[in-house]
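Have a look at the structure below before the remarks.
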Amino acid sequence: MADGMTITSLRGQVSDEEWQARLDLAAMYRLTASYGWTDLIFTHISHRVPGPDHHFLINPYGLFFEEITASSLVKVDLEGNIVQETPYFINPAGFTIHSAIHAAREDANVVMHLHTDDGVAVSSHKEGLMPLNQTSMIARHDLSYHDYEGIALDHGERERLVADMGQTNAMILRNHGTLTVGGTAAECFLRMFFLERACSMQVRTLSAGRDNVLLGTPEIQEVVRGQSTAGGMGTLANTLVWPGLLRRLARENPGFDE
């Protein structure tokens, strides 16, 4: 733990539902680190706490993602007040983005925002994410865009961000990064996996030049849209992908469940 700080375990001190949310969110942070998607301490993932209070969990500002545990996560309300005892504070920009979405989207239990090299590269491209391959076409049908307004410290931006997102589950924040939401940690993480992979593939494809790039036709994009929607993200993410990711995490970076 940072600065030798010891965090008291919250296992048994919070509801079973909150503890499960903490476990899932801590796992997401560790997995994000394992995929190399971190930006030191400057991005964030949040999880709504089940219940009537409209609280959500977010990372303690100053911990690296591979250090985060279920008990170290900070619980805040929609006004940014920390509602539990903790030695940590939170990233103000992270609060702006995550509070906006949690307040507006009841279905968005989990919100993930990254500043990866390839995600930022595509966010700075006028054409945004292009239909270059199967992965990008899976991601594009559920994707929106929000123009850059500076570091997200102005709470007035929240209304515009939510309006731009609408009912999509993924967003490119132009000149900034990527964002996904989900009903579960599994769904949110898998959406980000597809979006980030699509961005990396685009960067590699365009590195050879724009000439002779083969784009998916509007007709085939509609085919992929239908195929992606018909199967649904939930079953794939929750019952197949997520358990495997947790097995990998238990092997490679245990301790998130403390």
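Here are the numbers for the structure shown:
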| read-out | value |
| --- | --- |
| Glu258 versus Leu240: modelled label distance in nm, points set 7 Å from Cα along the beta carbon direction | 3.5 |
| Segment Thr8-Ser124, length gained on full extension (0.36 nm per residue, minus Cα span) | 37.6 nm |
| Which of Tyr145, Tyr88, Tyr29 has the fewest Cβ neighbours within 10 Å, and the rest in rising order | Tyr145, Tyr88, Tyr29 |
| Tilt relative to the chain, helix 16-34 - C-alpha long axis, 0 to 90 degrees, to 10 | 50 |
| Segment 106-173: trypsin sites (Lys or Arg not before Pro) in DSSP loop, at most 15 other beta carbons within 10 Å | Lys126 |
| For the chain, built as a Gaussian network whose Cα springs stay under 10 Å, the top-fluctuating residue of Ala139, Ala33, Ala170 | Ala33 |
| 14 Å beta-carbon shell around Glu149, net charge (K/R +1, D/E -1) | -2 |
| About the Cα centre, charge dipole magnitude for the chain (Lys/Arg +1, Asp/Glu -1 at Cβ), debye | 680 |
| Asp53 versus Glu159: modelled label distance in nm, points set 7 Å from Cα along the beta carbon direction | 2.9 |
| Net charge over other residues, Cβ less than 11 angstrom from the Cβ of Trp242 (K, R count +1; D, E count -1) | 0 |
| Top of Ser207, Ser144, Ser228 by mean-square fluctuation, Gaussian network on the chain, Cα under 10 Å | Ser207 |
| Listed peptides 179-187, 56-64, 147-155 by packing density, highest first (mean Cβ within 10 Å) | 179-187, 56-64, 147-155 |
| Point-charge dipole on Cβ atoms (K/R +1, D/E -1) for segment 210-258, about Cα centre, debye to 20 | 120 |
| Farthest toward positive dipole pole in the chain [+1 Lys/Arg, -1 Asp/Glu at C-beta], among Cys199, Ile58, Thr69 | Cys199 |
| Area projected by the alpha carbon convex hull of segment 169-248, averaged over all directions, nm² | 6.9 |
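A short reminder: the numbers here are calculations on the coordinates, not readings from a lab. Values in this document were obtained by computation on a predicted structure and should not be read as measured data. When we count neighbours, we look across all protein chains shown, and the Cβ atoms used for this are built from the backbone with ideal geometry, even at glycine.
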